[in-house]
Amino acid sequence: MIHFVLLIVCAVAIYLSCEWFVNAVEWLGERLNVGKMAVGTILAAFGTALPESVVTLVAVTTGATDEAKDIGVGAAMGGPLALSTIAYGVTGAMLMLKRRRERIAAGPAGTRNEEALGSPADMKRLAKDQKWFLPIFAVKVALGLVAFAFKPVLGLLFFAAYAVYFWREIRSGDDDEDEGPDLEPLKFQPRAASPSTWAVAAQTALTLVVIFFASQLFVKQLDAIGPMLGLSAAVTALLLSPVATELPEIMNAVIWVRQGKTQLALANISGAMMIQATVPSGLGLLFTRWDFDAALLWSGLITMAAIVYLLMTMRGHRLTPARLTVAAGFYVVFALGLIPILA
């Protein structure tokens, strides 16, 4: 029973911490003078991707056996899978609920769910992130199927790829259009029209610490609950743990959708996906065999299928809340396909 109670407590702690984190990171972006979209793709994504990146780092550098190090490989593959399916799907569902409430409040002239998420320029911007992610992720999967002497050195290329993406996002100047309401007062200084820089930094750092430890405790509770529900360790690791480690990104998206900042919500997910496609992968290549089994290959194929689906809808300016929600269905396909693999 205690594990279920702790699971709920951790989920609440993560949500409340994310509420304070997105508040702080928006002010941090204003202090650093970065574009609004870079707040989501770089600043917020870096913070919320920290828990799973640390899981990979610890597993691949301190694992005593190849099996222990493979936990890091699984985390490096499970993160992008959960983001490209569950995270986008939850965001789509929240947008559908939000638009439904707006339509009811506004009457027949209210916003309809079938309207695209943003302008053609917004869709082009989001599609650009997916086009960065897809080839990098495809190379990442391909390297898991081959073996050669200098493969570990290629891990450095993944770090370089993220450095280029980071530089592009920070220098991007086409995302500075206002979206949604102005900045809310900083939680640490609610009466200040312009909070102190130290307060912004302190709130950002403190919320990251809480998110990190609450996420780790959340995963541990799932590991304990899995066997209680009759789930094997492999199923728990491949199906439940990735969703748990991506919970901060999901919570951020929910909060930003609620605040009317849809583009920031989507940018946070796409930015976190870029981190997950590069940094953990680089660590895995440097410190493990990076050798995929059937389950890891299946997760890679489903992730790429989900991204291709999203790219097709974005490029045609047809991405609606309902179509975004469909992305979660790819995770269901992954779970069903995993049954015969693990049997």
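Give the number of residues within region 27-37 that are modelled with pLDDT of 90 or more and crowded, with 22+ Cβ neighbours inside 10 Å.
Number of matching residues: 1.
Go through the residues of region 54-66 one by one and say whether even a single one is modelled with pLDDT under 85, surrounded by 24 or more Cβ atoms within 10 Å (Cβ to Cβ), closer than 21 Å to Ala13 by Cβ and under 15 Å from the mean Cα position of the chain (by Cα).
Scanning region 54-66 turns up no residue that is modelled with pLDDT under 85, surrounded by 24 or more Cβ atoms within 10 Å (Cβ to Cβ), closer than 21 Å to Ala13 by Cβ and under 15 Å from the mean Cα position of the chain (by Cα).
Pairs only if they're at least six apart or on different chains, beta carbon under 6 angstrom, first in region 40-55 and touching a residue at least 24 places away in the same chain (Cβ under 8 Å), second of a type in the set (Val, Ile, Thr) and part of a helix (DSSP H, G or I); list them, first residue then second.
Matching pairs, first to second residue: Ala44/Val25; Ala45/Ile275; Ala49/Ile275; Pro51/Thr245; Glu52/Thr245; Ser53/Val279.
Residues that are modelled with pLDDT under 90, under 15 Å from the mean Cα position of the chain (by Cα) and surrounded by 23 or more Cβ atoms within 10 Å (Cβ to Cβ): does region 79-97 have at least one?
Yes, because at least one residue in region 79-97 is modelled with pLDDT under 90, under 15 Å from the mean Cα position of the chain (by Cα) and surrounded by 23 or more Cβ atoms within 10 Å (Cβ to Cβ).
State whether one or more residues within region 282-289 are buried (at least 24 other Cβ atoms within 10 Å of the Cβ), under 20 Å from Thr56 (Cβ atoms) and under 14 Å from the mean Cα position of the chain (by Cα).
Among the residues of region 282-289, not one is buried (at least 24 other Cβ atoms within 10 Å of the Cβ), under 20 Å from Thr56 (Cβ atoms) and under 14 Å from the mean Cα position of the chain (by Cα), which makes the answer no.
What single numbered condition from (1) modelled with pLDDT of 90 or more; (2) more than 28 Å from Ala147 (Cβ to Cβ); (3) out of contact with any Leu (no Cβ under 6 Å at 6 or more places or on another chain) fails to hold for Val308?
All conditions pass for Val308, except number (2).
Any residue at all in region 169-189 that is modelled with pLDDT under 95, outside any loop (DSSP other than H, G, I, E, B), of a type in the set (A, V, I, L, M, F, W, C) and more than 30 Å from Asp291 (Cα to Cα)?
yes
(1) modelled with pLDDT under 90; (2) under 18 Å from Phe46 (Cβ atoms): which one isn't true of Ser281, the others all being true?
(1)
Do you know which residues across region 258-273 are surrounded by 24 or more Cβ atoms within 10 Å (Cβ to Cβ) and over 15 Å from Val25 (Cβ atoms)?
Leu266, Ser270, Met273, listed by residue number.
In this structure, is Thr236 of a type in the set (S, T, N, Q), buried (at least 24 other Cβ atoms within 10 Å of the Cβ) and at pLDDT below 90?
no
To keep it simple, each residue is scored yes or no on (1) crowded, with 16+ Cβ neighbours inside 10 Å; (2) closer than 21 Å to Val55 by Cα; (3) of a type in the set (Asp, Glu).
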residue: Lys131; (1), (2), (3): no, no, no
residue: Pro135; (1), (2), (3): no, no, no
residue: Ala138; (1), (2), (3): no, no, no
residue: Tyr165; (1), (2), (3): yes, no, no
residue: Arg168; (1), (2), (3): no, no, no
residue: Leu186; (1), (2), (3): yes, no, no
residue: Pro190; (1), (2), (3): no, no, no
residue: Pro195; (1), (2), (3): yes, no, no
residue: Ile211; (1), (2), (3): yes, yes, no
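Tell me the helices (runs of 4 or more DSSP H) entirely within region 232-343 that contain at least 1 residues that are free of Cβ contacts under 8 Å to residues at least 12 places away in the same chain and polar (S, T, N, Q).
294-315
Among residues belonging to region 98-123 that are basic (Lys, Arg) and loosely packed, with under 15 Cβ neighbours inside 10 Å, point out the one that is modelled with the lowest pLDDT.
Arg112
Taking Leu28, is it over 19 Å from Asp223 (Cα atoms), among the aliphatic types (A, V, I, L, M) and out of contact with any helix residue (DSSP H, G or I) (no Cβ under 6 Å at 6 or more places or on another chain)?
no
The values are calculated or read from the model by the stated rules, or taken from the named source; none is laboratory data. Predicted model only: the values in this text are computed from it and were never measured. Counting neighbours? That spans all protein chains shown, and the Cβs are built from the backbone with ideal geometry, glycine included.
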